[in-house]
Amino acid sequence: MENMKSLADQLREELGKPGAGNAKKGMKSKPARSVPAILQAIMDYDNSDHKSMVHARFNADQVALMARFKIATNIDTTKLVAFAVNYLFDQHPELKKAITQFMQNSNL
């Protein structure tokens, strides 16, 4: 009877032995995911001083995508849209020129 051990007792003995915690060393750990540059840029974008509001309309697919983006990244939708507009005007300065030209022509 003394030699009969429960499975729990056997596991406790195994875990108590030196080197028993090294059983997972053979398993490969998942590599840490690197954050894409655009996602990092959105995270770093500071819109805390933005006070003006704009009401914009989006189709249902875009709204659903932005909601999933917020859940996946914990980045607020307002921050995403503010970054996107800023990025659009930075990447396409011809838009700013067109606006400036229109404003100059309309003042005549």
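The values are calculated or read from the model by the stated rules, or taken from the named source; none is laboratory data. If you're wondering where the values come from, they're calculated on a predicted model, not measured in any experiment. All Cβ positions, glycine included, derive from the backbone under ideal geometry; neighbour counts span all protein chains shown.
Residue check: is Thr78 surrounded by 11 or more Cβ atoms within 10 Å (Cβ to Cβ) and either within 15 Å of Val54 (Cβ to Cβ) or in contact (Cβ under 8 Å) with a residue 60 or more places away in the chain (or both)? So Thr78 fits the description; yes. Tally up the residues in the range 32-75 that are β-branched (Val, Ile, Thr), exposed (fewer than 10 other Cβ atoms within 10 Å of the Cβ) and in contact (Cβ under 8 Å) with a residue 24 or more places away in the chain, please. Selection size over the range 32-75: 0.
In this structure, Ile42 does not qualify as over 22 Å from Leu88 (Cα atoms) and modelled with pLDDT of 95 or more. Looking only at residues that are modelled with pLDDT under 80 and of a type in the set (A, V, I, L, M, F, W, C) in the range 12-39, which one is nearest to Thr78 (Cα to Cα)? Once the filter is applied, the top-ranked residue is Ala32.
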